[in-house]
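Taken together, the values in this text are just the output of simple stated rules run on the coordinates, not laboratory data. It should be emphasised that the depicted structure is a prediction, and the values quoted were computed from it without experimental measurement. Please note: Cβ atoms are built from the backbone with ideal geometry, for glycine as well, and neighbour counts cover all protein chains shown.
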């Protein structure tokens, strides 16, 4: 005779309760238990950018000159060029306050038929903050036989750093004004600033100046023109009711 054993049914654990366990874990602990700050639900995040520009005259002038000589013997051409560059270096050193750089030395042979001429050439760059003194020196060097190939005004590193800081301040003011305007339009107020990024918009290019003809007896003229220095600011702010 077969005896039936009664089976007692046990209530199943609701699957929803099991699946909900991970959902009870705070999102702030999702990354290895480290709290992750989150903006309050009553705030609105706003990201915006602005630029600031300042104008200033350059404070550094660079004059580029070159010495050139042609002779049947290459050594003779080189000696003449070396003598001119030496005179320029000595004169610049005596003037004081100048950065002297010699470069671009070249020697070429004239390939024309029956030509026995060699041409030597070397450049020298003189940079200083006193434009009038440098231009006077350039005129004297031209009278000695050097040729002028370029005059460029630029900003010295210290001056550029100071101007960048001013441009950044202008950019930050513009960002603050934009944030206040946007908040007012939305019927909100500016709360805290979450992040700010500043960016320099590049080095102002040297300003080439009009110059007099090479080997002129009078000093050249090179009036400085104002240069622009621009910086950009990007900020993320929290707006609140």
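Here the spin labels are modelled as points 7 Å beyond Cα on the Cα-Cβ line, and at residue 117 and residue 236 they lie 6.8 nm apart.
In this structure, residue 101 and residue 161 have a Cβ-Cβ separation that, at R0 = 25 Å, corresponds to a calculated FRET efficiency of about 0.65. The relative contact order of the range 60-154 comes to 48 percent, based on Cα pairs under 8 Å that sit 6 or more residues apart. Between residue 181 and residue 149, the contour length at 0.36 nm per residue exceeds the alpha carbon distance by 6.3 nm. Per-peptide packing, taken as the mean over residues of other Cβ atoms within 10 Å, places 152-160, 61-69, 117-125 in the sequence 61-69, 117-125, 152-160 from highest down. Can you work out the PRE-style zone for residue 79? Point 7 Å along Cα to Cβ, and I want the residues of the range 94-118 with backbone N under 20 Å. Taking a point 7 Å out along Cα→Cβ of residue 79, the residues of the range 94-118 whose backbone N falls under 20 Å are 106-110, 116-118.
Multiplying each eigenvalue of the alpha-carbon gyration tensor of the range 60-154 by 5 and taking the square root yields semi-axes of 28, 12, 10 Å, largest first, rounded to whole angstroms.
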